[in-house]
Amino acid sequence: MKPAPFNYAKPSSVDEAIALLGGDATLLAGGQSLVATLNMRLSAPELLVDINGIEELSGISVDGGTVRIGALTRHRELERSEVIAAQAPLIAEAVPLIAHPAIRNRGTIGGSIAFADPAAELPACLLALDGTVEIAGSGGRRKVSAGEFFRGVYDTALEDGEMITAIEVPAAAGNQRFAVEEVARRHGDYGMAGVMASVTLNGATVEAARLVYLAAGGTPMLAEGAGAALAGNAIDEASIGAAQSALKDDLDPFDDMNSTAATKLHLARVMTERALKRIAGA
Amino acid sequence: MPDSIEIPPVVVTATVNGERVSRAVEPRMNLVDFLREELELTGSHVGCEHGVCGACTVRVDGTIVRGCLMLAVQADGAEVLTIEGLSESGEIADLQENFKTRNAAQCGFCTPGMLMTAAELLAENPGAGRTEIREHISGNFCRCTGYQAIVDAIEETGKNRGEK
């Protein structure tokens with residue numbers, strides 16, 4: 001058998017799961033990254049805590065101006081949700097780019113956020129939407145903003161013995177526009193470059209722009225310089241060019257087997273232009 | 001952790017291709033290995049074993065999953081359908097016929113996974129165009145056909161179903 005031996009527990013509540021997390025235990029949500037690492041023995045915990053039986057972790061709801069997405073919500077549910085399409089269109093646009101149908105049927109938003117792959121779509125969405133992560137631990141629950149949650153490659157603000165219970169993002173406002181642009185070698189592969197753009201407009205003028213890039217550093221990368229270059233201006237050739245120029249300092253891509261850092265920066269600029277032009281034309 | 005530690009087996013009871021089965025297995029056993037080794041349903045293939053190739057695609061509770069990225073213990077209480085059950089049901093007889101006619105299977109290794117995956121698309125959206133078909137099967141590797149014949153077969157099946 002491929003994975004190293006482990007014990008298995010399937011708690012039915014968050015409290016039960018937390019109680020099991022002491023020691024060398026790993027949470028199993030959708031398993032679409034974890035089981036692969038188990039198969040390759042890159043990960044070999046003593047205990048696997050399967051949270052798929054915890055009902056309170058599923059489901060999408062809207063409360064006032066906040067969209068709450070349970071940690072165990074599958075990518076496929078996000079893809080098909082009318083609430084997500086209407087209230088979090090950035091997520092609706094990004095989800096079909098995640099892997100393939102058989103993987104989206106199992107993979108969960110909580111798992112993707114906790115794994116924190118800097119090339120993944122949902123962590124970048126969460127940061128672009130300035131969302132929050134709800135975390136449970138033995139001391140109760142706390143909320144951490146996306147900006148504070150992602151710390152490095154696969155590194156987050158989650159402490160030992162904690163788990164994500166939900167993700168919250170602000171519901172889309174009427175003057176907000178969103179666009180996702182990504183380039184991958186094959187549909188469903190991790191992006192070589194990509195931007196999740198959330199732009200707040202006042203008429204034709206940009207009030208605020210949160211452009212978050214994947215595969216552009218150790219975490220999803222919020223381009224503050226590009227956002228500042230757009231703020232107060234209309235989206236036109238000049239402001240797009242200024243935003244593109246700012247990316248040199250905003251982003252910190254690294255070489256990998258697919259492309260060099262320079263290629264990724266170039267692609268990020270191309271994605272930026274596409275996203276902003278689409279937003280301006282909408 | 002060494003292989004030598006003792007892990008008590010866990011009883012998995014599931015409905016596989018309409019039949020209730022129960023086996024005591026180690027928690028670390030993948031669903032596809034459970035199907036192949038415990039139940040001798042060898043139609044689901046084991047390729048990359050880390051979720052990339054799609055050869056192990058099976059249906060669990062109505063949706064397709066990677067049999068190598070789900071543990072057998074996670075299928076406890078679930079309805080599992082493999083290519084054997086899907087073939088016997090007749091649900092994809094037309095698709096299988098088109099695979100034959102168009103030579104969409106060469107070595108045949110990817111074919112069960114391709115059929116499981118295409119079945120889901122055809123059930124949801126028989127009118128899917130070639131781009132949608134290619135996106136839908138993007139997680140299933142074929143190393144022989146170049147995909148063209150597979151896309152042809154799926155497209156043809158969808159068109160025929162739409163006309164009925």
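The values are calculated or read from the model by the stated rules, or taken from the named source; none is laboratory data. Computed from a predicted structure; not experimentally measured. Virtual Cβ from ideal backbone geometry, glycine too; neighbours counted across all protein chains shown.
If you go through the range B:111-127 one residue at a time, do you hit one that is surrounded by 18 or more Cβ atoms within 10 Å (Cβ to Cβ), in a loop (DSSP other than H, G, I, E, B), touching a residue at least 40 places away in the same chain (Cβ under 8 Å) and not basic (Lys, Arg)? For the range B:111-127, residues surrounded by 18 or more Cβ atoms within 10 Å (Cβ to Cβ), in a loop (DSSP other than H, G, I, E, B), touching a residue at least 40 places away in the same chain (Cβ under 8 Å) and not basic (Lys, Arg): absent. If we scan the range B:12-34, do we find a residue that is surrounded by 19 or more Cβ atoms within 10 Å (Cβ to Cβ), aliphatic (A, V, I, L, M), facing another protein chain (nearest Cβ under 9 Å) and in contact with a Gly (Cβ under 8 Å, 6 or more places away or on another chain)? No, the range B:12-34 has no match at all.
Condition check for residue A:27 on (1) assigned to a strand (DSSP E or B); (2) without any contact (Cβ under 8 Å) to a residue 40 or more places away in the chain: one failure, at (2). Comparison of A:45, A:96 shows that the only residue that is more than 24 Å from residue A:124 (Cα to Cα), modelled with pLDDT of 95 or more, in contact with a helix residue (DSSP H, G or I) (Cβ under 9 Å, 6 or more places away or on another chain) and of a type outside the set (Phe, Trp, Tyr) is A:45. Once the range A:10-41 is narrowed to residues that are surrounded by fewer than 16 Cβ atoms within 10 Å (Cβ to Cβ) and touching a helix residue (DSSP H, G or I) at 6+ places or on another chain (Cβ under 9 Å), the residue that is nearest to the other protein chains (Cβ to nearest Cβ) is A:12. Among the residues of the range A:240-257, those that are more than 23 Å from the chain's Cα centre (by Cα) and either aromatic (Phe, Trp, Tyr) or surrounded by fewer than 20 Cβ atoms within 10 Å (Cβ to Cβ) (or both) comprise A:241, A:242, A:245. Scanning the range A:12-48 for residues that are under 23 Å from the mean Cα position of the chain (by Cα) and within 13 Å of residue A:110 (Cβ to Cβ) yields a count of 9. Filter the range B:64-113 for residues that are of a type in the set (S, T, N, Q) and out of contact with any strand residue (DSSP E or B) (no Cβ under 9 Å at 6 or more places or on another chain); which is nearest to the other protein chains (Cβ to nearest Cβ)? If we take residues in the range B:64-113 being of a type in the set (S, T, N, Q) and out of contact with any strand residue (DSSP E or B) (no Cβ under 9 Å at 6 or more places or on another chain), then B:111 is nearest to the other protein chains (Cβ to nearest Cβ).
Here residue A:34 fits the description: under 30 Å from residue A:251 (Cβ atoms) and in contact with a strand residue (DSSP E or B) (Cβ under 7 Å, 6 or more places away or on another chain). Total residues in the range B:46-58 satisfying the condition of being buried (at least 21 other Cβ atoms within 10 Å of the Cβ) and either hydrophobic (A, V, I, L, M, F, W, C) or farther than 21 Å from residue A:41 by Cβ (or both): the figure is 6. Being within 14 Å of chain B (Cβ to nearest Cβ) and surrounded by fewer than 17 Cβ atoms within 10 Å (Cβ to Cβ) is the requirement here; does residue A:266 meet it? Criteria not met by residue A:266. Determine if the range B:72-82 includes at least one residue that is in contact with a Cys (Cβ under 8 Å, 6 or more places away or on another chain) and surrounded by fewer than 24 Cβ atoms within 10 Å (Cβ to Cβ). No, there is no match, as no residue in the range B:72-82 is in contact with a Cys (Cβ under 8 Å, 6 or more places away or on another chain) and surrounded by fewer than 24 Cβ atoms within 10 Å (Cβ to Cβ).
Residues in the range B:148-158: is at least one surrounded by 14 or more Cβ atoms within 10 Å (Cβ to Cβ), touching a residue at least 12 places away in the same chain (Cβ under 8 Å) and in a loop (DSSP other than H, G, I, E, B)? No, the range B:148-158 contains no residue that is surrounded by 14 or more Cβ atoms within 10 Å (Cβ to Cβ), touching a residue at least 12 places away in the same chain (Cβ under 8 Å) and in a loop (DSSP other than H, G, I, E, B).
If the condition is being within 16 Å of residue A:70 (Cα to Cα) and touching a helix residue (DSSP H, G or I) at 6+ places or on another chain (Cβ under 7 Å), then the range A:111-136 contributes A:112, A:113, A:122, A:123, A:125, A:126, A:131, A:132, A:133, A:136. Looking only at residues of the range B:128-146 that are under 21 Å from residue A:96 (Cα atoms) and assigned to a loop (DSSP other than H, G, I, E, B), we find that the one that is nearest to the chain's Cα centre (by Cα) is B:140. Taking the conditions (1) buried (at least 17 other Cβ atoms within 10 Å of the Cβ); (2) more than 8 Å from chain B (Cβ to nearest Cβ); (3) touching a Gly at 6+ places or on another chain (Cβ under 6 Å) in turn, residue A:93 satisfies each one other than (3). Only one of the listed residues (A:103, A:135, A:109) is in contact with an Asp or Glu (Cβ under 6 Å, 6 or more places away or on another chain) and either within 24 Å of residue A:35 (Cβ to Cβ) or buried (at least 24 other Cβ atoms within 10 Å of the Cβ) (or both). That residue is A:135.
The numbered conditions (1) within 26 Å of residue A:186 (Cβ to Cβ); (2) free of Cβ contacts under 8 Å to residues at least 12 places away in the same chain are all true for residue A:82 except (1).
The requirement of being at pLDDT below 95, crowded, with 23+ Cβ neighbours inside 10 Å and over 30 Å from residue A:64 (Cα atoms) is fulfilled somewhere in the range A:176-196, by at least one residue. Once the range B:132-147 is narrowed to residues that are within 13 Å of chain A (Cβ to nearest Cβ), surrounded by fewer than 22 Cβ atoms within 10 Å (Cβ to Cβ) and free of Cβ contacts under 8 Å to residues at least 40 places away in the same chain, the residue that is nearest to residue B:55 (Cα to Cα) is B:138. Annotation note: of A:53, A:131, A:65, the sole residue that is more than 24 Å from residue A:199 (Cα to Cα) and either of a type in the set (Gly, Ala, Ser) or away from chain B (no Cβ under 14 Å) (or both) is A:53.
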